[in-house]
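All of the numbers you see were taken from the coordinates with simple rules; none came from a lab. Every value quoted in this text rests on a predicted model; they were computed, and no experiment measured them. No Cβ is skipped: glycine too gets one built from the backbone with ideal geometry, and neighbour counts run over all protein chains shown.
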Amino acid sequence: MFKLITIFVPIMLGFLGYKFTAKRLAKKLEENSSSMNEPIVCALVKKAAHSLDIEKIKVYILEDSSLNGIASPDGKVFITRGFLAKYYSGVFSAEELFGVIAHELGHLALGHTKKRMVAYTIQNTLQMGLGFALSRVIPFVGNYISAILLRIVTAKLSRIDEYAADEYATAIMLRIGLGVTPLVDLFYKLETLNDERNQSLTWLQSHPTPQDRISAIKKLEDRWTKDPDS
């Protein structure tokens, strides 16, 4: 009975924790955002929607000075005010900013937000269960060890999702005639900003390195242009 409780309770806490976090995040995003109305970027979004046979893709501007893109649990795409400000200051082009949007569309289309719900629940369950088991063997530090181990696994899964979203974004960029150059340039610029220790750059946290992502995108372009049916 005790063993069942140690399994069931973490699962319930993990599930309830995610639901609470997702609901709070959705509310926060809604309260602090407005519809994007930048004409050039919106024209690219509209072109992508037509290519994907979607009636409309809604993109919102989140009032946040960091550089980030978000696919929300309720299926919306957000770009931070920080990204838009960099666009207006000439750091990023409209096509590069659209690359961020295309990447977040990939997360939505590939079901990563739902996947993260399951992963969040499993992570909390395993952390509590593994922490309890390790604490019996290694008192006081068992919980810390379990948290570190699960953080490593979670980061690995996150990188897999990022590559998949990049692949989706690459496909959209090619499909609407932009090519991969804006996406590649985006990551080059983000790498430069990251090297400058820009504390506002949150879009690359727990992500593959920009160079690895650029390499993967170029390989996709090479494969798809040589064999369009692949």
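Structure summary
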| quantity | calculated |
| --- | --- |
| Gained length - Asp222 relative to Lys46, 0.36 nm times residue gap less alpha-carbon distance | 60.7 nm |
| Pairwise FRET efficiency - Ser89 versus Glu30, Cβ, R0 = 22 Å, nearest 0.05 | 0.20 |
| Residue-wise HN-Hα coupling along region 90-98, computed from phi with Karplus coefficients 6.51, -1.76, 1.60 (Hz; x: Gly, Pro) | x, 5, 10, 8, 4, 5, 5, 5, 5 |
